[in-house]
Amino acid sequence: LPQLPGWSLRPDGSIVIATGNDDALGVYTCTPYNSYGTAGESQPTRVLLKDPPAFTVRPKEEYFQEVGRELVIPCAARGDPPPTVTWLKVGSAGQSGARVDGNSSLLLRPLVKEQHGLWECTATNQVARVSATTSVHVLGTSPHAVTNLSVLPLPLAANVSWEPGFDGGYFQRFSVWYTPLVKQPPRAHHDWVSLSVPVGAQHLLVENLQPDTSYQFSVLAQNKLGSGPFSQIVTSVPRGERGFPVTTVPPEPPAVTVRVFLSPPQALTANETLRGVLLQWEPPAPLSVALSGYALELRQDKGGWEVLDRSIPSTETQVLVPGLIKDAFYEFRLVAFAGSYISDPSNTVNVSTAGMEVYPSRTQLPELLPQPVLAGVIGGICFLSVAVIFSTMAACIMNRRRAARVQKRRRGRSRLEGT
């Protein structure tokens, strides 16, 4: 053993090999003995060298993809023996509808909102286990719930703060919801009060609360596609003003508006007419706030959703959509607006223009001829027109000069003949 660097013998008879290499390969036996001799050697054991897993292809730190589309995240590893590669969504009990293909790549098809988050690729064999993580961002969805909601009790108020969740790829707004927990007969639900949060803020001071009364707080995120889930509910008790005993005279209730969820437009239908596709719907359920209007969204051939018209009056229950492209597949849906609130999308209606007598409108001319090509064609026509004009003018000037020279020569000859 002294001739082998890094090898040592422990008092219990074990051999320690600090660095495994080709010198450690072979068959080993152990022979115990004492002053009386030995009972013989042990059964032979073979030492083999194996390689731990090592990634040959690692996933990127993050991926962005539209909901409903396909996302493939590669991950591959080598080792001896060959490692087993598995995928798991961090914080989830299963794969959340994901599959792994023959190349150990994570296959998300179709991509859904619940697959947003952190994913882990793990390579395991008999020697070791290694892992790599990546973040999946699902675009085109309603926002995710806020996290780390906290409530700081203050005199007759509470400071509510949170960390925003993923916005789904669109601008999101927040509103703080709260309700007192008072001892009353059982009822169907609490009367929650909502307060809009200024744009860009991640906290809100809720004032005019009754002291020494338990309140529940929650935060809701919204974007143009609808509302996300409510955050966790946090209970807090505001303190009395300056810590003095609370008066028995109840304060006046705060001048806030109790709002309810804005339901989406109902029963959206589509009918073909001579002028285009006519969309009709029923308005949302009656609200305590006035309806501001509607926004019409469409997507073509399973692409991304786009806003076609964001200024449909609240009094309208139908809209005509002209200028669709022939032999295409469209999907339409509506959202309603009421102040700072946006409803969830209505039901989706499908429209196929195969065989329909529809023609592109002026706004769709760039789809038939891209703007750079259109600009090039127009520029070429203008250049040719200018060139033709200049050529014609030049030809006219040359002809006039030539005619003037011929006439001058004729005059000169006539004078010579007269003399």
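The values are calculated or read from the model by the stated rules, or taken from the named source; none is laboratory data. The structure presented is a predicted model; accordingly, all values stated were derived computationally and were not measured. Neighbour counts run over all protein chains shown; Cβ positions are idealised from the backbone, glycine included. Just so you know, the surface numbers come from the protein's heavy atoms only, side chains and all, with ligands and any DNA or RNA stripped out. Shrake-Rupley method; radii C 1.70, N 1.55, O 1.52, S 1.80 Å.
Key figures
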quantity	calculated
Matching entry among 31, 84, 45 (being surrounded by 14 or more Cβ atoms within 10 Å (Cβ to Cβ) and either touching a residue at least 24 places away in the same chain (Cβ under 8 Å) or more than 20 Å from residue 112 (Cβ to Cβ) (or both))	84
Matching residues, the range 49-59, being part of a loop (DSSP other than H, G, I, E, B) and under 15 Å from residue 82 (Cα atoms)	49, 50
Which listed residue is closer than 30 Å to residue 141 by Cβ, modelled with pLDDT of 75 or more and not assigned by the TED database to the domain that holds residue 225, from 337, 390, 383	337
Residue check, residue 308 modelled with pLDDT under 80 and surrounded by 15 or more Cβ atoms within 10 Å (Cβ to Cβ)	yes
Residue match in the range 109-123 (condition: over 22 Å from the mean Cα position of the chain (by Cα) and not assigned by the TED database to the domain that holds residue 221)	yes
Residue in the range 133-155 that is modelled with pLDDT under 90, in contact with a helix residue (DSSP H, G or I) (Cβ under 8 Å, 6 or more places away or on another chain) and not assigned by the TED database to the domain that holds residue 344 present	yes
Residue check for residue 351: modelled with pLDDT of 80 or more, open to solvent by less than 70 Å² (accessible area, probe 1.4 Å), part of a strand (DSSP E or B) and farther than 24 Å from residue 66 by Cβ	no
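Residue-by-condition table, conditions (1) at pLDDT below 90; (2) more than 30 Å from residue 112 (Cα to Cα); (3) part of a strand (DSSP E or B):
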{"site": "167", "(1), (2), (3)": "no, no, no"}
{"site": "170", "(1), (2), (3)": "yes, no, no"}
{"site": "174", "(1), (2), (3)": "no, no, yes"}
{"site": "178", "(1), (2), (3)": "no, yes, yes"}
{"site": "213", "(1), (2), (3)": "yes, yes, no"}
{"site": "242", "(1), (2), (3)": "yes, yes, no"}
